[in-house]
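The values are calculated or read from the model by the stated rules, or taken from the named source; none is laboratory data. Every value quoted in this text rests on a predicted model; they were computed, and no experiment measured them. Virtual Cβ from ideal backbone geometry, glycine too; neighbours counted across all protein chains shown.
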Amino acid sequence: MSNWVKLCSLQEAPAPGKVAEAEVEGVAVCLANVGGELSALDNWCPHRRGPLGQGWIERDCVVCPWHSWTFHVKTGEAEFPANERVETFPLRVEGEDVMIDIE
Ligand code: FES
């Protein structure tokens with residue numbers, strides 16, 4: 001099953017090298033832009049629920065603003081520390097809409 005919903009418009013999406021917070025149907029999302037490509041991750045860091053969407057991009061990772069845990073934007077796998085991960089959401093752009101699957 002899938003449940004594709006509109007997260008935001010392309011205009012509202014972060015610029016390359018930036019992250020932003022967004023919310024849809026009660027799901028808080030970290031929207032990341034690496035090199036012009038968007039990715040969606042769970043906004044809440046698995047460490048102490050820091051807001052990843054208020055963090056920053058380093059290479060192809062998002063860094064948590066609270067204690068710098070670092071997650072790959074595509075896989076959600078942590079570069080630091082090892083063996084941690086954050087959920088990711090499938091994302092696609094339809095026209096001017098950024099869509100994610102929150103199933
Ligand atoms: S809450 Fe994210 S690193 Fe601690």
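So the values come out like this:
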{"item": "Test: residue in the stretch 43-61 that is surrounded by fewer than 20 Cβ atoms within 10 Å (Cβ to Cβ) and within 16 Å of Ile100 (Cβ to Cβ)", "result": "yes"}
{"item": "Looking only at the stretch 30-44, and only at residues there that are of a type in the set (A, V, I, L, M) and within 16 Å of the ligand (Cβ to nearest atom), the one that is farthest from Arg59 (Cα to Cα)", "result": "Leu41"}
{"item": "Verdict on Arg59 being more than 13 Å from the chain's Cα centre (by Cα) and modelled with pLDDT of 95 or more", "result": "yes"}
{"item": "Qualifying positions in the stretch 45-102 - of a type in the set (Lys, Arg) and within 16 Å of the ligand (Cβ to nearest atom)", "result": "Arg48, Arg49, Arg85"}
{"item": "Checking Glu23 against (1) touching a helix residue (DSSP H, G or I) at 6+ places or on another chain (Cβ under 9 Å); (2) surrounded by fewer than 22 Cβ atoms within 10 Å (Cβ to Cβ); (3) under 21 Å from Met99 (Cα atoms), the condition it does not meet", "result": "(1)"}
